[in-house]
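Taking it in order: structure first as structure tokens, then the write-up.
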Amino acid sequence: MAATETADKGWTSRMARLARRLDDGRLLRFVFFSLLVGTAAILVLDYLELSEAPETVLPTPDITPVLPAIDRPELDPDNPAFRPAERIGTPQDTLRQRLSITLESGGTLKLQGTIAPGSAETFAEEIARLAEYIETVSLDSPGGVVQEALAMGRLIRETGLNTHVGDGALCASSCPLIFAGGMDRVAAEKAVIGVHQIFSGPQTTRINAAQEISNAQVTTAEISRYLSDMEIDPALWLHALETPPDRLYYLTTDELTAFKLATELLAAE
């Protein structure tokens, strides 16, 4: 027992002498570097954990259902005009790729594919780089991340560009929000434009149900305000709210003009 007490006193004495040798500056530096090393170790462990996680697949709405997405007795399912999914000319595999941005002839910037995280930033870079050559943004997309689409639509309006959805092209889910940003918004007769409820991708699965509902409500309010700012009837989004995320509410040509989403309709070529 006495030997143990003597050892403890010796250790305490050595630590006291060491502390006296260190001025406040050295002590603070010692603590700082200790915390830095600890933080680095945690970051390395987090990186290793993330690198072993399976790759996240971008959520993409199913474009295969035909009308009606919900009960719409005014539509005749036997009339080819009310089977818009059959008019889509772009392969689904192409639409599911990350958004591609291509400058085409006639001052047209073509956007094709799924709107993913970072799409708005890439789009802004292309707009800045090619601004003098662009008059119209042409859309062919099954949608994707809502916040990215809103940012892209606002940039289109700020830069005074027009938008266009051509024959056989799809503009669904969040894509109509980009379309809404155009000064002139032209939809071809055989364009396919549809909306549905916003939905959470796999990156939000850890959020509890109450928070997820709250986030959806905030986003819906933002969309309604955005449509109003673009001078489009926010009632358009009621059709999105009542259509499940795995279906699409395809807008008729009458609805496109009634809601002021399209400012011009082009007859099929």
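The values are calculated or read from the model by the stated rules, or taken from the named source; none is laboratory data. For clarity, every value in this text was computed on a predicted model and none was experimentally measured. Reconstructed Cβ throughout: ideal geometry from the backbone, glycine too, with neighbour counts over all protein chains shown.
Values as computed for the structure displayed
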quantity: Criterion (surrounded by fewer than 17 Cβ atoms within 10 Å (Cβ to Cβ) and either within 18 Å of GLY182 (Cα to Cα) or modelled with pLDDT of 95 or more (or both)) met by exactly one of ALA81, ALA128; calculated: ALA128
quantity: Given (1) more than 18 Å from the chain's Cα centre (by Cα); (2) hydroxyl-bearing (Ser, Thr, Tyr); (3) within 25 Å of ALA85 (Cα to Cα), number of the condition SER174 does not satisfy; calculated: (1)
quantity: Criterion violated by LEU111 - all others in (1) in a loop (DSSP other than H, G, I, E, B); (2) modelled with pLDDT of 95 or more satisfied; calculated: (1)
quantity: Options TYR226, TYR249; residue that is farther than 25 Å from THR108 by Cβ and touching a Gly at 6+ places or on another chain (Cβ under 8 Å); calculated: TYR249
quantity: Scan of the range 84-119 for residues that are of a type outside the set (A, V, I, L, M), touching a Phe, Trp or Tyr at 6+ places or on another chain (Cβ under 9 Å) and at negative phi, ordered by number; calculated: PRO84
quantity: Residue identified as closer than 23 Å to GLY113 by Cβ, surrounded by fewer than 24 Cβ atoms within 10 Å (Cβ to Cβ) and acidic (Asp, Glu) among GLU212, GLU222, GLU135, GLU189; calculated: GLU135
